[in-house]
1. If r is the Cβ-Cβ distance from E139 to C20 and R0 is 60 Å, what FRET efficiency results, to the nearest 0.05?
2. Determine, from the Cβ-Cβ distance of F274 and E362 and an R0 of 30 Å, the FRET efficiency 1/(1 + (r/R0)^6), rounded to the nearest 0.05.
3. In the structure shown, do any of K229/K361; K118/K270; K118/K272; K149/K309; K120/K272 have a Cα-Cα gap over 31 Å, and if so which?
Amino acid sequence: MRLRRKGDLICTLLLLTAFCILLYIQMHSETPRLDKHENQRESGIKRYVMLQSTKATSQPVFTTSATESERICQPDQRMEIGKVQVTTSPTSDLLPWNYRQYLLQKDCREFNQIINQKDKCRKVQGEPLLLISIKSRVEEFERREVARKTWAREDRVHGLQVRRLFLLGIPANQSALASWSRLLEHESRIHQDILLWDFQDTFFNLTLKEIHFLKWVDQFCPAAEFVFKGDDDVFVNVENIADFLQDADPKEDLFVGDIIYQALPIRSNKSKYFIPEMMYGPGVYPVYAGGGGFLMSGHTAKRLYRASKEVELFPIDDVFLGMCLLRIGLEPLSHEGFRTFGIARPSAAPHMQTFDPCFYKELMVVHSLRVPEIWLMWTLLHDPNLSCARKGSMKRPFRWRLKRKATSASPRKLRH
């Protein structure tokens, strides 16, 4: 009897031990499966951080392989618009300020195009084409409308054919924009000026908008003699740009705008322009143009497209384009008519107000204006009775004559 009880007890202990071992094995075998995707992402970040740390003292232009630049990216989450699969980027909290998301997808450079305008650059023989491309977001319909009805009209201006395009990505907050895809498709059918790609339209993805537009120009508008690229909150005097281009050769390099010199990377994590040293080691950015608006020849646009496939992506699109300019060895031209940091009342004309049409008459681009201001300025500048003669004994119009000093500032203080 005692032997029987002793045997039962031993069996019970053995079964209990076996059960505990199985439970332990199961717990430790399931955890890696559940976190496998996350562990892969974290290891990718670690590899990137180690790679960038070794580049901390290298040149500011980083290169990438051709195979990486041609890979079509397919992020994890997708939603369907009609028959098109639209990809959206996942969010995460491992690193603050969306840098984890950027680091995970920094090598994704090719996204599918949802809305295209293949026939936009058909032109009349013998007339040079000026392509106006405007960075916009789906929700900024009013800004697109005021541009269409004022400075970005498709027309002939001083011997140039003007064609217009708006560059968009997928809204980051789609739940706040009900039926946005149908509205955008309707807008595209009416105006035929929408380009839409399937990456999220966020601050960190503005560089994607840059490289996809350069690729579009190379594929669908190679005959464009000149290209203007800017934001949707700018006022552009297209007549002045056309006059400026009269003596320009579209087959030669031209890149002109509000040029920024000796700009320093911002190391404060409280700024949206924050760039950690692991991402960019050199202390000074290359020379670049303020993204509010700049002008280039078609020849330069083609060269920048080729360079964009060789330069590693950078989250600030203005600086990225400066890296591409450095890559091709082209120094951009600074023109005082491009005011991407706004305008201030000059001491030479203290009687004039800042928001005066005579300030804008001699300019090309003024950044950071609201919709009513753009509409009002366009109306005032096209008033046949507008007189810009200076008060007093001087009867000639006021002109910006002081040369601007080389700008040394943080990148793009005025953006969105």
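Every number here is computed from the coordinates shown, using simple stated rules; none is lab data. Just so it is clear, the model here is predicted, and its values are computed rather than measured. When we count neighbours, we look across all protein chains shown, and the Cβ atoms used for this are built from the backbone with ideal geometry, even at glycine.
1. Efficiency, from the Cβ-Cβ distance: 0.55.
2. 0.25
3. K118/K270; K118/K272; K149/K309; K120/K272
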